[in-house]
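Right, one structure below, let's go through it.
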Amino acid sequence: MKPFALASCLTLCSIANLAQAQSEPIATDRPDFVESSLTVGDRRLQVETSVAWERDEGLDGYSTPTLFRYGIGPDWELRLETDGWQTVDAPAGGRDSGFSDVSLGVKRHLTSEVGGATLAWLLHVDLPSGAHSVRGRGARPSLRLVAEWELSDSVSAGVMPGLIHDADEDGHHYTAGIFGAVLGKAWSERSRSFVEVALPQIAHHDDGGTLAQLNVGSAWLLNQDVQVDVVYSHGLNDRSPDHAVGAGLSFRF
């Protein structure tokens, strides 16, 4: 084969491979609690934002959770996450509001499978960067592991255990567990639903106790790069918000 013909063939193959890679639909970490094991891809920016409402013992809270994900290779991504603008009814009356803390993190997709599962780990640190009324205490690091299984062409499952080092309002530091388990169903190439048990905090009574929620939701692809979603959460114990609803929009560049 002549050099020019060989170069042309290689170029066409590269373009075909690139087109195939770009044709993969957006994979998001929302609306479920269990994160995806996939990363966004090299030099791609993905934004996942939403509006959320929750009610706990008659008190309402509003927020705008947002996650920025940027790929730094096929298996790594940088992450910036926040609950955005937050407004919470105060028990004594009035409202506390302001911009929430920012969390910085990294995700690593593991190329090897274990037991048929695709794996990833996430390392985050929540920084006390928000408004005084909604700010956390000090830096709070967390580590999570994600495992996902394709049970059939349309059914998937995932789990996410983890640990977080946190602090209460008095400055007492403690380590809590994290766990989530999700079952997903794809109705078509563009729509999916899920049901999930989420435990964002597993802790001793003196450290705030355990939070537990039952989540259900759905997501729809508008095109390969844009997704909309809704989610409903029901508290499973007295320490968890009674009800929560969210609606999200995710897109990538």
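Only one residue in S156, S129, S133 is more than 16 Å from the chain's Cα centre (by Cα), in a loop (DSSP other than H, G, I, E, B) and either free of Cβ contacts under 8 Å to residues at least 40 places away in the same chain or farther than 27 Å from V216 by Cβ (or both). Which one?
S129
H109 versus (1) of a type outside the set (G, A, S); (2) modelled with pLDDT of 95 or more; (3) open to solvent by 40 Å² or more (accessible area, probe 1.4 Å): which is the lone unmet condition?
If we test H109 against (1) of a type outside the set (G, A, S); (2) modelled with pLDDT of 95 or more; (3) open to solvent by 40 Å² or more (accessible area, probe 1.4 Å), just (3) comes out false.
Picking from L78, L67, which residue would you name as being within 24 Å of L143 (Cβ to Cβ) and open to solvent by 20 Å² or more (accessible area, probe 1.4 Å)?
Exactly one of L78, L67 is within 24 Å of L143 (Cβ to Cβ) and open to solvent by 20 Å² or more (accessible area, probe 1.4 Å), namely L78.
Please work out which residue is least open to solvent (accessible area, probe 1.4 Å), limiting yourself to the stretch 40-61 and to residues that are outside any strand (DSSP E or B) and without any contact (Cβ under 8 Å) to a residue 60 or more places away in the chain.
So the residue we want is G41.
Listed residues T118, T87; which is β-branched (V, I, T), assigned to a strand (DSSP E or B) and surrounded by 19 or more Cβ atoms within 10 Å (Cβ to Cβ)?
Going through T118, T87 in turn, the sole match is T118.
Among the residues of the stretch 180-191, is any assigned to a strand (DSSP E or B), aliphatic (A, V, I, L, M) and in contact (Cβ under 8 Å) with a residue 60 or more places away in the chain?
yes
Could you please find all residues in the stretch 62-80 being within 18 Å of F253 (Cβ to Cβ), assigned to a strand (DSSP E or B) and not β-branched (V, I, T)?
L67, F68, R69, Y70, G71, W76, E77, L78, R79, L80 - these are the residues of the stretch 62-80 that are within 18 Å of F253 (Cβ to Cβ), assigned to a strand (DSSP E or B) and not β-branched (V, I, T).
Collect the residues in the stretch 202-227 that are surrounded by fewer than 17 Cβ atoms within 10 Å (Cβ to Cβ), assigned to a loop (DSSP other than H, G, I, E, B) and not charged (D, E, K, R), keeping them in residue-number order.
H204, G208, G209, Q224 - these are the residues of the stretch 202-227 that are surrounded by fewer than 17 Cβ atoms within 10 Å (Cβ to Cβ), assigned to a loop (DSSP other than H, G, I, E, B) and not charged (D, E, K, R).
Do we have G136 as open to solvent by less than 30 Å² (accessible area, probe 1.4 Å) and in contact with a Gly (Cβ under 9 Å, 6 or more places away or on another chain) here?
Considered against the rule, which asks whether it is open to solvent by less than 30 Å² (accessible area, probe 1.4 Å) and in contact with a Gly (Cβ under 9 Å, 6 or more places away or on another chain), G136 comes out as yes.
The values are calculated or read from the model by the stated rules, or taken from the named source; none is laboratory data. What you are looking at is a predicted structure, and each value in this text was computed from that prediction instead of being measured. All Cβ positions, even for glycine, are placed from backbone atoms using ideal geometry, and neighbour counts span all protein chains on display. Each accessible area value is taken on the protein alone, full model and side chains, heavy atoms only, with ligands, DNA and RNA left out. Shrake-Rupley method; radii C 1.70, N 1.55, O 1.52, S 1.80 Å.
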